[in-house]
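The values are calculated or read from the model by the stated rules, or taken from the named source; none is laboratory data. On a predicted model such as this, the values are computed, not experimentally measured, just so you know. Cβ coordinates were reconstructed from backbone atoms using ideal geometry, including for glycine residues, and neighbour counts include every protein chain displayed. Accessible surface is based on the protein model in full, side chains and every heavy atom, while ligands, DNA and RNA are left aside. Shrake-Rupley method; radii C 1.70, N 1.55, O 1.52, S 1.80 Å.
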Amino acid sequence: MTTTGGSTPVSTGVGPPVIPVGIGAAARSARAAVLDAWLRELFPASASGVALVAVGGLGRRECAPHGDLDLVLLHAGVPGMDELAASLWYPIWDAKLGLDHSVRTLPEALSVAHDDVKVALGLLDARHIAGDESLTGQLAEAASDQWRRTAIRQLPALRAVTTARWEAHGELAFLLEGDLKEAAGGLRDVGVLRGIARSGVTDALRPAVRAAHLRLLDTRDALHLAVGRRVDRLVAQERLAVAGLLGLEDGDALLRRVASDARTVANALDDAWRAADRVRVVRRRGGDGKPVRRPVARDVVEQDGELVLARTAIGARPDPSLSLRIAAAAATTRLPISRATCEWLAAYCPPLPSPWPASARAALVTLLGAGSGLVPVWETCDRYGLVDGWLPEWARMRSLPQHNPVHRFTLDRHLVQAAAEATGFTREVDRPDLLLLAAFLHDVGKGLPGDHSTVGAPVAAAVAARIGLPPADVALIEKLVRLHLLLPEVATRRDLSDPKTIAAVALAVGDATTLDLLHGLARADAMATGPAAWSDWKGRLIDSLVRLTHTALDTGVLPALPTPDPALVAGPLPAVHLDGDRVAVAAADRRGLLAAVAGCLALHRLDVVSADVSTVEDRALVEFLTSPRYGAPPDPIALANDLRRAVAGDVSVTQRLRGRSRSGGSGAPPRVVWHRDAATDAVVLELRAADSPALLYRVASALDEAGASVRAARISTLGGDVVDAFYLVGIGAGEQAVEAAVLAAAQA
């Protein structure tokens, strides 16, 4: 065993520690005691002027089952520190324990803390382990004193670091697979609160925060034990095991508890930042020290960077719309509502009548239309119970997990985010107010039995009526919620060149105003769902569907069935044309051509978005739209060569697919749904199954062997699952045999 710098560690003869398992404060303290004792055994008794200091989780005695050790080897300028450090660090590494370490003198430690706010926070947890205890005491006292003296200058840097971490990891309260430590509202933020409290700016660690912190620590303990290693991200497959270790009913109960605790921490940190801001404002104010009040909106003024109620608004009979109006003002000005104002509104603002007055309805639309300003204000109002007063349905949706893998947020945050995203499309529609409301209400049926679009439509209509919309607008909101998936599902699962497809959409939509609202809603919904819910090709398909439907509504003209690419109809065979994401092949007509091309594309890690098949005299034409499964597009020369070989009947190309691993999907068995009236000249078979490499190749081969010809295919991927639609011709009465073959291929 060697070290850098030429030093050789000294063998201590001390074996690795036996780390106690368990969940809870007592188990964490027991782990800290075992590690303390082991580290003391490692520390040489002869060392003088040196101290081993714990910071981080070990310093606070909050040791997770598989956590790291954060250690500082503090010394008074004594020589030989490299050898001493090596004799400590190597046994820790040999014991397979994570280690974050440093070797510093007292002035060095304080200098680094002065320049690095994260180090400064860490030293506030300094605790003596072994060696010169007076040296540790000096560090702890000096670090704490330095923090109190410099905190007001350091807090902006701490806030910038914290904000960058939030942008990288998101908000734990709303994420389906959040990082318990790094996400906003997680364990790292409790450390930030602890630092703000130690600065004397405000009491940031109230009892509710301490209780939430302990529960988050318990959750991380359970996650470490369930996985068997250090991991802080609570992914879906671990929820049930973690919930069981914590004595919770199921994974949803766990997520809701984590969301509640994360909200408590995040809200406390928001309050702490505002308290720090007020201190800086007061120090800059000078003069007579009186706060400056600036009118912002009716009954709303700004004071010290926060919104508060005007004195005239606090009367014997407050306006029921007051809470919505101050929320709208906060969202549009990007200023927070003061804590005292929120508490007053929760206690004294009267409930809204049914239907709402026009002022409340206008304030809600303004709030929903505030874009990025909506989300923090809505969360503040929800924290103080104001949202439940506006929308009694909200309690059911709060922190409700969504088990579709493409969703990144819980239901409540998804709805708020969708309204925020819809502001980007309000200038494209005749009724921007209804677009905002529909985006906010589109998924209110989730969590209720049945299809959420169907069951959510009357719920949304009831909300629309309660807030005072006229009957025609209520009916339109209900229709938008019921049809909010129409455009993305048809665009990705149906043949847009089939006149029957466009006619069906035009009939369902009814008019251009509704079509434009659905277009904006579809984009806002996808953007609020997550990256997997949107792509350029999906956007192009939806845009094409909307354009064709507009034409049908305006003129009654429907698209004609597609004509083959002239470049493929003439010339020698086989012909291969590659143009960006388009792959076109012409070959002598034979069975299995679609499967051969699909297999070749899978071999080159290309996902198929759509496929069109046609026959002209004695040649078959196959056109695909593709997207790389991951990484860069394949080498076009190698792809073209393999395509020519595959369509010429060289089975060695597709044989290379054998043994390829499959991805997981949802675990549910595949399912076939028939749509017999969805196409002009075909019956549509819709396969819903777990996604896997070469799935289209296997299914196309099965269809060919069952005697079904594929005119077109539309491939739609939803996280780990697919919904693939095949336009079949020439199957006669053999649907049952075709279905069995497809299901067998999907499970192969």
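Using alpha carbons only, how many angstrom separate the centre of the range 129-192 from the centre of the range 22-61?
20
Largest first, how would Asp525, Asp270 line up by accessible area (1.4 Å probe)?
Asp270, Asp525
Report the FRET efficiency, 1/(1 + (r/R0)^6), for Arg256 and Ala472, where r is their Cβ-Cβ distance and R0 is 22 Å, rounded to 0.05.
Efficiency computed from Cβ-Cβ geometry: 0.05.
With a/c under 1.5 counting as rounded, go ahead and sort the range 532-658 into rounded, prolate or oblate using the C-alpha gyration tensor (a ≥ b ≥ c being the square roots of the eigenvalues; past the cut-off, prolate if a/b is larger than b/c, else oblate).
Cα axes put the range 532-658 in the oblate bin.
Which value, in debye to the nearest 20, describes the size of the charge dipole of the range 383-496 about its Cα centre when Lys and Arg Cβ atoms bear +1, Asp and Glu Cβ atoms bear -1, and nothing else is charged?
260
Please calculate the 1.4 Å probe accessible area of Leu124, with all protein chains present, and give it to the nearest 10 Å².
20
Report the label-to-label distance for Tyr630 and Arg149 in nanometres (one decimal), using points 7 Å from each Cα along the Cα→Cβ vector.
5.2
Sketch the reach of a paramagnetic label on Ala26 as a point 7 Å from Cα along Cα-to-Cβ, and name the residues of the range 57-86 whose backbone nitrogen lies under 12 Å away.
Of the residues in the range 57-86, none has backbone N under 12 Å from the label point off Ala26.
Give the ranking of Leu573, Leu175 by solvent-accessible surface, highest area first, calculated with a 1.4 Å probe.
Leu573, Leu175
Provide the FRET efficiency to the nearest 0.05 for the Arg334-His403 pair, computing r from the beta carbons and using R0 = 35 Å.
0.55
Modelling each spin label as a point 7 Å along the Cα-to-Cβ direction, I'd like the Leu240/Gln736 distance in nm, to one decimal.
According to this spin-label approximation, the distance is 3.5 nm.
Using a cut-off of 27 Å between alpha-carbon atoms, which lysines can reach Lys479, once sequence neighbours fewer than 8 places away in the same chain are excluded?
Lys446, Lys500, Lys538
With point charges of +1 on the Cβ of Lys and Arg and -1 on the Cβ of Asp and Glu, referenced to the Cα centre of the chain, which listed residue (Gln154, Ala708, Leu469) lies farthest in the positive direction of the dipole?
In the chain, that residue is Gln154.
Once a ≥ b ≥ c are taken as the square roots of the eigenvalues of the Cα gyration tensor of the range 134-291, is the result rounded (a/c under 1.5), prolate (a/b larger than b/c) or oblate (a/b not larger than b/c)?
Judged from the Cα gyration tensor, the range 134-291 comes out prolate (a/c at least 1.5, a/b above b/c).
For the residue pair Asp430 and Lys500, what label-to-label distance in nm results when each label sits 7 Å from Cα along the Cα-to-beta-carbon direction?
Inter-label distance under the simple model: 3.1 nm.
Taking Cα centroids, how far is the range 64-94 from the range 406-426 in Å?
The range 64-94 and the range 406-426 have Cα centres separated by 48 Å.
Using a ≥ b ≥ c from the Cα gyration tensor of the chain (square roots of the eigenvalues), is it rounded, prolate or oblate, where a/c under 1.5 gives rounded and otherwise the larger of a/b and b/c decides, a/b for prolate?
Cα axes put the chain in the oblate bin.
Please work out the FRET efficiency for the pair Arg656 and Arg230, using the Cβ-Cβ distance as r and a Förster radius of 35 Å; give the result to the nearest 0.05.
0.35
How large is the dipole of the chain about the Cα centre if only Lys and Arg carry +1 and Asp and Glu carry -1, each at its Cβ, rounded to the nearest 20 debye?
In total the dipole reaches around 1700 debye.
Could you let me know the centre-to-centre spacing of the range 671-734 and the range 204-264, using Cα atoms, in angstrom?
Cα centroid to Cα centroid, the span is 42 Å.
Just to confirm, what accessible area per residue do you get for the chain at 1.4 Å probe, in whole Å²?
42
May I ask you to compute the full-extension gain from Arg40 to Arg547, defined as 0.36 nm times their residue separation minus their alpha-carbon distance, rounded to one decimal in nm?
Stretched fully, the Arg40-Arg547 segment lengthens by 175.1 nm.
Return the loop-located GluC sites (Glu not before Pro) in the range 157-250 (DSSP other than H, G, I, E, B) with at most 11 other Cβ atoms within 10 Å of their own Cβ; answer none if there are none.
Sites meeting the loop and neighbour criteria: Glu249.
Going 7 Å from the Cα of Leu448 in the Cα-to-Cβ direction, what parts of the range 352-394 have a backbone nitrogen less than 16 Å from that spot?
391-394
Tally up the carbon and sulfur contribution to the accessible surface of the range 23-83 as a whole percent, 1.4 Å probe, everything protein left in place.
Looking at the range 23-83 in its full context, I get 52 percent from C and S.
Rounded to the nearest 5, what is the percent of antiparallel bridges among the DSSP beta bridges in the chain?
Of all bridge pairs located within the chain, approximately 90 percent are antiparallel.
Subtracting the Cα-Cα distance from 0.36 nm times the residue separation, let me have the gained length for Glu617 to Glu705 in nm, one decimal.
Here the segment from Glu617 to Glu705 would lengthen by 29.4 nm.
Can you give the calculated 222 nm mean residue ellipticity of the chain, where each DSSP H run of n ≥ 4 adds -39,500 (n - 2.57) and the sum is split over every residue, rounded to the nearest 500 deg cm²/dmol?
About -16000 deg cm²/dmol.
Using the charge dipole of the range 307-396 (Lys, Arg: +1 at Cβ; Asp, Glu: -1 at Cβ; taken about the Cα centre), state which of Ala313, Gly373, Val387 has its Cα farthest towards the positive end.
With unit charges placed on the Cβ atoms, the residue in question is Ala313.
Can you send over the carbon and sulfur percentage of the accessible area for the range 404-506, probe radius 1.4 Å, protein chains only?
58
How much length is gained on full extension from Ile314 to Ala570, taking 0.36 nm per residue of separation minus their Cα-Cα distance?
84.0 nm
How much accessible area does His128 have with a 1.4 Å probe, in Å² rounded to the nearest 10?
The value for His128 is about 40 Å².
Carbon and sulfur: what percent of the range 289-370's accessible surface (1.4 Å probe)?
Taking all protein chains in place, the range 289-370 shows 56 percent carbon and sulfur surface.
Counting only protein chains, not ligands or nucleic acids, how are Thr202, Thr312 ordered by accessible area (probe 1.4 Å), most first?
From most exposed to least exposed: Thr312, Thr202.
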